[in-house]
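Take a look at the structure set out below.
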Amino acid sequence: MIAILAITFPIYAALALGYLVVWKGWFSAEEMRVFGRYVLNIALPALIFSAVASRSPAQVFQPGYVSVYALGGLATVALAYLLFTLRGVDPQRRALGVMGSTCPNNGFIGYPIMLLAFPDLAGVILALNLLVENLILIPLCLLLVELASGSPGHPILPRLGRILLGLAKMPMLIALALGMLVSLIGVPLPGPMMRFVDMLAVSAGAISLLVIGGSLVGLPLHGNRSLAAQISASKLLLHPALVALSATVLLASGLITLTPELHSAAILSAAMPMFGIYTVLAQRQGLEGAASLAMLTATSLAFVTLTALLWGLT
């Protein structure tokens, strides 16, 4: 257990430090947003490019991992949609609930944990997670939000096209594509260039945690507490459970192979609290209260659930 706490304690200590420096006024919320843009647009893209470009295509693309993570995510979308429908929530809150249940924060929280748990694979795990999340899970959830809030007469395909085009412009996906291109070509980049990229990449972990901790300061704590609790439980428990079930079924059927490290990483990745822009997206629907409560609850309780998962899986 001491070894497990050696992974989770530094993560939550950094989150607490981020909260403290904003709460005490040493950094403003706007300054934290600037740090966040640095992580999203420079540090994490550099990390992904370095992790992918420095490996062979066979090391980077893990079809077993992608299959497990994608199937578990799609199962979470379907089951969460059913559960929120049975609960009788309106379409906008249902779309918010499905998104919160399915879209983890693997860039800002997941990567630092993987860096401590699986240091040799952390960059590849992040790249694979982003591939599934940005090409399948996030577009699907954003489409549900669009359908819940838009005019019913508007066609679906143009909306989906706009969502995919917006995601394709993200620096992290561009870095992933460039890294895969370098990996496929098989020509190593000059040492000074890779050292420069690696220098930027190593700054991602600590700064990302400070940003998430600071972003929790000032979240509105009013809203539908019951809905927030259900979203948090779905994210921390339902999503990893369905990824674990997907892995069990696919492995037992012989359709995939998966190393123990990647098997554990897929379940842990699904167990991360929801992604950082969750409350921003909810603001557009006027549901930031429930989203903020869910994000604060999930981020706080994830210390317990992630510690338990790490203890059981590693």
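Here, each number is a calculation from the coordinates, and none is a lab measurement. Owing to the predicted nature of the structure, the values given are computational and were not obtained by experimental measurement. Note that we place each Cβ from the backbone using ideal geometry, even for glycine, and neighbour counts take in every protein chain shown.
Per residue of the chain, what 222 nm ellipticity follows from adding -39500 (n - 2.57) for every DSSP H run with n ≥ 4, rounded to the nearest 500? After summing the helix terms and dividing by residue count, I get -23000 deg cm²/dmol.
Taking the Kirkwood radius as the inverse of the mean 1/r across Cα pairs, report the Rg/Rh of the range 67-171.
Working: Rg = 15.3 Å, Rh = 14.9 Å.
My calculation puts Rg/Rh at 1.02.
Distance from the C-alpha centroid of the range 235-313 to that of the range 170-185: 25 Å, rounded to the whole angstrom. Full extension of the segment from TRP311 to ASP90, taken as 0.36 nm per residue of separation minus the current Cα-Cα distance, would add 75.7 nm.
Backbone amide hydrogens, once placed in the peptide plane, bring PHE27 within less than 5 Å of VAL22, excluding anything fewer than 5 places away on its chain.
In the chain, once you exclude exposed trypsin sites (Lys or Arg not before Pro) (DSSP loop, at most 11 other Cβ within 10 angstrom), what's the longest stretch remaining?
Numbers: sites that count: LYS24, LYS169, ARG284.
Here the longest segment lacking exposed loop sites spans 25-168.
Among LEU121, LEU86, LEU238, the largest mean-square fluctuation in a Gaussian network model of the chain (Cα springs under 10 Å) belongs to LEU86. Ordering ALA302, VAL77, GLY107 by the projection of their Cα atoms onto the charge dipole of the chain, which places +1 on the Cβ of Lys and Arg and -1 on the Cβ of Asp and Glu, puts VAL77 at the extreme positive end.
Helix check for the chain. Which DSSP H runs span at least 24 Å along their own axis by Cα, with a mean Kyte-Doolittle hydropathy no less than 1.0? List each step's numbers first, then the result.
Numbers: long enough: 2-23 (30 Å, 2.15); 63-86 (34 Å, 1.52); 288-313 (34 Å, 1.41).
Helices meeting the criterion: 2-23, 63-86, 288-313.
Expressed in nm to one decimal, what extension gain is obtained for the pair ALA13 and VAL34 from 0.36 nm per residue of sequence separation less their Cα-Cα distance? Numbers along the way, then the final one.
Details: separation 21, 0.36 × 21 = 7.56 nm, distance 2.12 nm.
Extending this stretch completely gives an extra 5.4 nm.
Count charges around MET274 for me, please; just the other residues with Cβ under 12 Å from its Cβ, Lys/Arg as +1, Asp/Glu as -1. Write out the running numbers ahead of the final one.
Values: positive: LYS235; negative: GLU133.
Neighbour charge sum, excluding MET274 itself: 0.
Spin-label model, SER300 to TRP23: label points 7 Å out along the Cα-to-beta-carbon direction sit 1.0 nm apart.
Contact order, relative form, for the chain: 34 percent (alpha carbon pairs under 8 Å, 6 or more residues apart, mean separation divided by residue count).
Remark: spin-label model distance GLU146-ILE185 equals 3.3 nm, labels positioned 7 Å along the Cα→Cβ axis. Each principal axis of the Cα atoms in the range 114-213 has its own extent, and those three values, largest first, are 54, 37, 20 angstrom.
Taking 7 Å steps out from each Cα toward its Cβ at LEU5 and LEU251 produces label points 2.9 nm apart.
First measure r as the distance between the Cβ atoms of SER203 and LEU165, then evaluate 1/(1 + (r/R0)^6) with R0 = 41 Å and state the FRET efficiency to the nearest 0.05. Intermediate results must be reported in sequence, preceding the final value.
Numbers: r = 29 Å, r/R0 = 0.71.
The formula returns an efficiency of 0.90 here.
Over the range 2-313, the Kirkwood radius and the radius of gyration, each from Cα atoms, give a ratio Rg/Rh of 0.95.
Find out how many positive minus negative residues lie around GLN62, taking Lys and Arg as positive, Asp and Glu as negative, among other residues whose Cβ is under 12 Å from that of GLN62.
On the way: positive: ARG55; negative: GLU261.
Summing Lys/Arg as +1 and Asp/Glu as -1 gives 0.
Treating the beta-carbon of each Lys and Arg as +1 and of each Asp and Glu as -1, no other charges, what is the dipole magnitude of the range 2-313 about its Cα centre, to the nearest 20 debye?
Charge dipole, the range 2-313, about its Cα centre: 440 debye, nearest 20.
When the Gaussian network model of the chain links Cα atoms closer than 10 Å, the mean-square fluctuations of GLY88, GLY97, GLY36 top out at GLY88.
Just to confirm a number: summing +1 for Lys and Arg and -1 for Asp and Glu over residues other than THR297 whose beta-carbon lies under 12 angstrom from that of THR297, what do you get?
Working: positive: ARG225, LYS235; negative: none.
Here the charged neighbours net out to +2.
Taking ILE113, ILE125, ILE136 in turn, the Gaussian network model of the chain (Cα-Cα springs below 10 Å) assigns the largest fluctuation to ILE136.
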